[in-house]
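*Asks:* Shown below is the structure under consideration.
The values are calculated or read from the model by the stated rules, or taken from the named source; none is laboratory data. Small disclaimer: the values here were computed from a predicted structure and weren't measured. Please note: Cβ atoms are built from the backbone with ideal geometry, for glycine as well, and neighbour counts cover all protein chains shown. SASA here: full protein model, heavy atoms, side chains in, ligands and nucleic acids out. Shrake-Rupley method; radii C 1.70, N 1.55, O 1.52, S 1.80 Å.
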Amino acid sequence: TATDADDANYGNSAKVVYSILQGQPYFSVDPETGIIKTALPDMSRENREEYQVVIQAKDMGGQMGGLSGTTTVNITLTDVNDNPPRFPQSTYQFSSPESAPPGTPLGRIKANDPDLGENAEIEYSISSGDGSDMFDIITDKDTQEGIITQLDFEKKILYTLRVEATNTHLDPRFLLLGPFKDTALVKISVEDIDEPPVFSRSSYLIEVDEDAKEGSIIGQVVAQDPDITKNTIKYSVDRHTDMDRIFSIYSGNGSLFISKPLDREETPWHNITVIATEINNPKQSSQIPVFIRILDINDHAPEFAKYYETFVCENAKAGQLIQTVSAVDKDEPPRGHRFFFELMPEFAVHPNFSIIDNKDNTAGIMTRRNGYSRSKTSTYLLPIIIFDNDYPVQSSTGTLTIQVCACDSRGNMQSCNTEALLLPAGLSTGALIAILLCIIILLVLVVLFAALKRQRKKEPLIISKDDVRDNIVTYNDEGGGEEDTQAFDIGTLRNPEAREESKMRRDVLPETIFQIRRTAPLWENIDVQDFIHRRLKENDSDPAAPPYDSLATYAYEGNDSIANSLSSLESLATDGNQDYDYLSDWGPRFKKLADMYGGEESDRE
């Protein structure tokens, strides 16, 4: 549509005429209305989809030949379903191994449709063929391909199918151009390969009575070779699934039999695996699960459901319920459990208690008299027979222990011990606990006091007058005495190998360091006195001995020592009676001692 600013006063100058400058021969325009129309009877979107059409609008007036304007119109052809699908080839050839499982894709076929979108959607189907029931075809919505899948194989080695491809969305305006479908031939060849044996079922369920005898056949499994050769099959039980070797199988015909007794209460189900193997090709084998259910027989007697702690009050009345008992049975009869309760025949008329069967697999224990005495009988034993109603009938005897207890007026138990009768009537439980705690505390205090007293007690240094021992000390330099603090280990004298080497003075640096001369050991098989005398003689004759007191170690003397005691403790003689002149004869190492103790002057000092 075009407009002109000139009005009707100018005559023909306001009239607009339309014409097409570009777009022929595909389109035309009405010169008066400007309506664009297709110029050809059949325009194909598949050949060209986009067009640009240039339209001119021109007025009619004026000496100047008229004025004009142009515009460009973009035209797009939309798709319609006017093309049927077409297979690019008339025959397709596929092959498949005979061992392919159901649902295995065998190949893809595709019919082409130049339309777009839903106009190009195709549905595939098998229209006919000698294997139409052996195969199926499905449509891949993304690629618009037909996928042929295998359902089952017979004994044929070649199948022929006719596959049809059809548009799913038809346009009624173009039905006369149809039919909108196409067909193709599909040939499928089956390749024969050596396959493992195939069982007749996917699994086996076998039921056997619990009391079945050993060697009894309980069932059979069947497998066959699917190949044309029909190889012979042998059967075996996978022992990883039957570790106890309860079941066995005849290798020739697959019959299962019992090798050991069965016990449903221990193992109600057995899940084993049977293996079928081709004799000519042991690599070809298959497995099948076999579920064996053990059926119950009545071979267990019922018994009490738990241990009952039953008591009766001393002030109980006759006809009072004191306990309800129930029973359990390891067997599982098909009609459910039903238990009965009775007293032993010799207790059928029990003077103290009776039993009432509640008809619901429980029974109540009732009192038969008023009052019970702990002092006379503290415990009653009540034997009860429990039996079932299955075949054969099984029964057992359970003994119920009933204690006589003291209770309050509401029947609440307070005490069942007969010892409680000996306690004072006014002594409560709290008082008994307090007394017990006091006793425990007193015992702990006594133990602690004894332990402290033992720690404070010291062993005397001298046990008797006959065992007088000096505190042996080590002298490192001259002077010193019993006040020296470095004690000597007496083991040094007893084990001279551990004796320390001669030590130098620590307070005076000697001018010459003398090398200590080592001597051969003399302590073997000699006594202490001889050892000391030899050491004295050795040192007296040693010219390299230092001019000061050297280390001397002494142990306590042994019995019958002719040298008498070396200690000043408890000496029989006083210092005034001692004669120390002999020290001068012991050599230069004892000169200092001879000067200190040799005379009266030294003693006074």
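*Asks:* Using a Förster distance of 30 Å, how high is the FRET efficiency between ASP30 and ARG86, based on the Cβ-Cβ distance and rounded to 0.05? Write out the running numbers ahead of the final one.
*Replies:* Numbers: r = 39 Å, r/R0 = 1.31.
My answer for the efficiency is 0.15.
*Asks:* While we're looking at this one, here's another question. At a 1.4 Å probe, what is the % contribution of carbon and sulfur to the accessible area of region 230-287? The partial results should precede the final answer.
*Replies:* Details: 1530 of 3230 Å².
Roughly 47 percent, rounded to a whole number.
*Asks:* How much length would be gained if the chain were fully extended between ASN417 and SER375, taking 0.36 nm per residue of separation minus their Cα-Cα distance, in nm to one decimal?
*Replies:* Working: separation 42, 0.36 × 42 = 15.12 nm, distance 1.00 nm.
That pair, ASN417 and SER375, stretches by 14.1 nm at full extension.
*Asks:* Ok, one more. So what is the accessible area of region 303-415 per residue, in Å², with the probe set to 1.4 Å? Intermediate values should be presented prior to the final figure.
*Replies:* Working: 6460 Å² over 113 residues.
On a per-residue basis, region 303-415 sits at 57 Å².
*Asks:* Per residue, how much accessible surface does region 91-191 expose to a 1.4 Å probe? Answer in Å², no decimals. Present the calculation step by step, with values, prior to reporting the outcome.
*Replies:* Working: 5360 Å² over 101 residues.
Heavy-atom accessible area per residue stands at 53 Å².
*Asks:* Hey, another quick one. Using a simple charge model, +1 on the beta-carbon of Lys and Arg, -1 on the beta-carbon of Asp and Glu, nothing else, what dipole does region 17-76 show about its Cα centre, in debye to the nearest 20? Don't skip to the answer; put the middle values down first.
*Replies:* Numbers: 4 positive and 7 negative charges, 21 e Å.
Roughly 100 debye, rounded to the nearest 20.
*Asks:* When the label point is put 7 Å from the Cα of GLU332 along its Cα-to-beta-carbon vector, which residues of region 241-264 have a backbone N closer than 15 Å?
*Replies:* Inside the label zone: 263-264.
*Asks:* Another question about this same structure. Pop the C-beta distance of ARG162 and LYS283 into the FRET formula with R0 = 41 Å and round what comes out to the nearest 0.05. If you can, show how the numbers build up before the last one.
*Replies:* Details: r = 40 Å, r/R0 = 0.97.
E(calc), rounded to 0.05, equals 0.55.
*Asks:* Please tell me which of these pairs span more than 29 angstrom C-alpha to C-alpha: LYS317/LYS376; LYS187/LYS234; LYS230/LYS260; LYS213/LYS283; LYS213/LYS359?
*Replies:* Numbers: LYS317/LYS376 18 Å; LYS187/LYS234 37 Å; LYS230/LYS260 35 Å; LYS213/LYS283 35 Å; LYS213/LYS359 36 Å.
Where the Cα-Cα span goes over 29 Å, the pairs concerned are LYS187/LYS234; LYS230/LYS260; LYS213/LYS283; LYS213/LYS359.
*Asks:* Using the Karplus equation 6.51 cos²θ - 1.76 cosθ + 1.60 (θ = phi - 60°), what ³J(HN,Hα) coupling, rounded to whole Hz, does each residue of region 183-199 give in order, writing x for Gly and Pro?
*Replies:* So the Karplus estimates, Gly and Pro as x, are 10, 8, 9, 10, 10, 10, 9, 9, 8, 7, 10, 6, 10, x, x, 10, 7 Hz.
*Asks:* DSSP loop (so not H, G, I, E, B), at most 16 other Cβ within 10 Å: list which chymotrypsin sites (Phe, Trp or Tyr not before Pro) in region 218-299 pass both filters. Numbers along the way, then the final one.
*Replies:* Details: sites: TYR235, PHE247, TYR250, PHE257, TRP269, PHE291; in loops: TYR250.
Counting only loop positions with at most 16 other Cβ atoms within 10 Å, the chymotrypsin sites (Phe, Trp or Tyr not before Pro) in region 218-299 are TYR250.
*Asks:* If you roll a 1.4 angstrom probe over the protein chains with everything in place, what fraction of the accessible area of region 91-191 belongs to carbon and sulfur, to the nearest %? Don't jump to the answer; show the numbers that get you there.
*Replies:* On the way: 2890 of 5360 Å².
Carbon and sulfur together cover 54 percent of it.
*Asks:* Would you kindly derive the ³J(HN,Hα) couplings of region 44-54 from the backbone phi angles with the Karplus curve 6.51 cos²θ - 1.76 cosθ + 1.60 (θ = phi - 60°), listing them in order in whole Hz, with x for Gly and Pro?
*Replies:* 9, 5, 5, 8, 8, 10, 10, 9, 10, 10, 9
*Asks:* A further question follows. Would you pull out the residues with amide H under 5 Å of HIS300's amide H, same chain only if 5 or more places away, H placed 1.01 Å from N?
*Replies:* HN-HN under 5 Å from HIS300: ASP331.
*Asks:* If R₀ is 22 angstrom, what is the calculated FRET efficiency for the pair ASP192 and ASP136, using the beta carbon separation as r and rounding to 0.05? Intermediate results must be reported in sequence, preceding the final value.
*Replies:* Working: r = 23 Å, r/R0 = 1.02.
The value I calculate is 0.45.
*Asks:* Between LEU170 and ARG245, with labels modelled 7 Å along Cα→Cβ, what's the label distance in nm to one decimal, could you check?
*Replies:* Each label point is offset 7 Å from its Cα along the Cβ direction, giving 7.4 nm.
*Asks:* Principal axes first, then extents: for the Cα atoms of region 17-76, list largest minus smallest coordinate on each axis, whole Å, largest first.
*Replies:* Cα spread of region 17-76 along its principal axes, largest to smallest: 48, 18, 15 Å.
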